[in-house]
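What follows is a set of notes on a single structure, which appears directly below.
The values are calculated or read from the model by the stated rules, or taken from the named source; none is laboratory data. Because the structure is predicted, anything quoted here is derived from the model rather than measured. For neighbour counting, all protein chains shown are included, and Cβ atoms are generated from backbone atoms with ideal geometry for every residue, glycine included. The area values use the complete protein model at the heavy-atom level, side chains included, leaving out ligands, DNA and RNA. Shrake-Rupley method; radii C 1.70, N 1.55, O 1.52, S 1.80 Å.
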Amino acid sequence: MKRYSWVRLEPQEKQVSLLAGAINVSHPLARALCNRGITTFEEAKTFFRPSISQLSSPFMLQNMERAAERVIAALNNREKILLYGDYDVDGTTGTALLCLFLREQGAEVFYYINDRFTEGYGLSAEGIAYAEKSGVSLIITVDCGIRAGEAIERCAKSGIDVIVCDHHEPDELPPAFAILNPKVPECTYPFRELCGCAVAFRLVQAVAERLGAGEESWMQYLDLVAIATAADMVSLEKENRILVNEGLKRIRISPRKSLSGMLSVMGIDAGTMTMYHIAFGLAPRINAAGRMHSAHLAVEWLLAATETGALETAEALDRMNLERREIDTAIFARADKMIEGHFASYCSSIVLYDEEWHLGVLGIVASRMLEKYYLPTVIMGSMNGMIKGSVRSVEGINIYEVLQECSDHLVQFGGHNQAAGITLRPEDLAGFRKKFDKICAGLLPADKRQKELVIDSSLQLEEITANFMNVLDQFAPYGFGNREPVFETSEVVLAGRPRLLKEKHVKFSVRDGNGRLFDVIGFDRKDVFQLLDADPGMRFSMAYSLEKRSWNNREQWQLRLK
């Protein structure tokens, strides 16, 4: 059976009671709010009613005035502008966003996105050469550039100004014309966790404001910001919560042609769009372009001006995603077989390498290994005589800081506290593996090697009412930094026998004190089915989240077993 460390959060009951009374919700819901740092009426109002008006001024970003003025000068002088984006969802959506906006302002704009396999991450020599050859005088980066000092220096010598829109942690700042990054030292912007696309969006907003354009000139791109924010695993609180909430609204009401085409391929009604559909539907298909072939196709899809063009590129991305799934499934199976031998020497991390592994899917495999073994994970392949890999971390370990300590074994690295990319020489692999494991061992004591299951509150099934569910719905959108509330109910007894679906999912029913039946679904929990099937009369405690389901035009509530 999967084992989790159940962590029951216990906010101050006096605070819980005051909040419950102030906003007229039940104590379990008030506990869930307090667990998210929401303890007053005003804080609850802001949380439940996120609004664009709550965003900080884009001009609070350091260098924004200078950046906006430079973009406007380029527009007025009819300069050629190059957008330089990363090859993931964040970079491609941000590139498309800037391209659409600048074209609308009459700009002559191009875009460039590296080939993941031949150029790697960041501003490449090939990309700068393309800019020089094209007669570009302004480059705007999206989701890259903060560590591209050498490349930006070359741009300056060629008379090309560079505006960096990035959100990665900086080291020494590059000599760019302007740097827009909330993580830059001395930047006073009040929210650090914007994704790269959101930083580009704030630039668009600033330029539109200085041009005197109406709100719709920038608000029309909130859908793209929502997709990037959801896909990039940045914290879904404060400004990110606002951006995702507003962007999802726009998708549900009036999706752009590219999204309509993709949703058609996915068989999804735009009106029902959720974070789940972004994370497990849109994002993998967008990323598939850069992982399997070229991210240019993802940008072309986002820029599609006709329904036919949007549908054709959406179908192509869908085919690439199917190809990607086949490859990452095979690599995961191979990596899983290597684990036992690896653990014989290293037991605080997973660092696996095979020169034949496809570089485009290593991040996905690393995430799957992390989910299964809950240890800091590095999955690596080979390219042009170098080893390249993706790194994923457990909660509580800042993997970027770990890699900094391993930097003497690395040629290059970069990323966030939970995910990163690395490049190293083959001769440094053994030393890196040893040092990485040693650092992780010091940060990950035995009692922290079990995934925590955070529980917001105990809950009686009788407390699940229509009003309870309506309030709970407003906790969404869920994601990193705003997890879905989890509740615990004790002394539960089965109503009937459990069922095993597709040989891996458990489904059973429980009854409350008023005789109401609730369906419970546990995905990939054959172990729970076996336990309940062996003793159907047992009493047990269960931790779960709640979801609404529609069946035959009737609304039902289902418990999703954790």
Expressed in nanometres to one decimal, the distance between label points 7 Å along Cα→Cβ at residue 490 and residue 539 is 1.0 nm
Protection proxy (average C-beta count within 10 Å per residue), highest first, orders 323-330, 376-383 as 376-383, 323-330
Mean separation of Cα contacts under 8 Å (at least 6 apart) over the residue count of the range 342-449, i.e. the relative contact order in percent, is 25 percent
Sorted on mean Cβ neighbours within 10 Å (highest first), peptides 129-140, 539-550, 222-233 come out as 222-233, 129-140, 539-550
With +1 at each Lys and Arg Cβ and -1 at each Asp and Glu Cβ, the charge dipole magnitude of the range 58-216 around its Cα centre, to the nearest 20 debye, comes out at 380 debye
Dividing the alpha-carbon radius of gyration of the range 1-117 by 2.2 N^0.38 Å, where N counts its residues, gives 1.74
Summing -39500 (n - 2.57) over every DSSP H run of at least 4 in the chain, dividing by its residue total and rounding to the nearest 500, the 222 nm mean residue ellipticity is -13000 deg cm²/dmol
Square roots of five times the C-alpha gyration tensor eigenvalues of the range 152-213, ordered largest first and given in whole Å, equal 21, 18, 9
Flagged as over-length at 27 Å C-alpha distance, from 183/438; 372/526; 507/548, the pairs are 183/438
Amide H proximity to residue 458 below 5 Å, modelled H, separation 5+ or other chain, gives 488
So, for the Cα atoms of the range 168-275, Rg and Dmax in Å stand at 15.6, 47
Taking alpha-carbon centroids only, the range 286-304 lies from the range 319-380 a number of Å equal to 24 Å
For residue 36, the accessible surface traced by a 1.4 Å probe with all protein chains present amounts, in square angstrom to the nearest 10, to 60 Å²
Magnitude of the Cβ-charge dipole (Lys and Arg +1, Asp and Glu -1) of the range 342-449 about the Cα centre, nearest 20 debye, reported as 180 debye
Computed for the chain: size of charge dipole around the Cα centre, +1 on C-beta of each Lys and Arg, -1 on C-beta of each Asp and Glu, debye to nearest 20, value 1320 debye
On the accessible surface of the range 257-316, probed at 1.4 Å with all protein chains in place, carbon and sulfur together account for a percent value of 54 percent
Using the Cα gyration tensor of the range 462-554, the equivalent ellipsoid's semi-axes, largest first and to the nearest Å, work out to 24, 17, 14
For the chain, the per residue accessible area (1.4 Å probe, Å²) is 44 Å²
Filtered hits (aspartates and glutamates, Cα-Cα < 16 Å from residue 435, offset >= 8 within chain) -> 401, 405, 408, 427
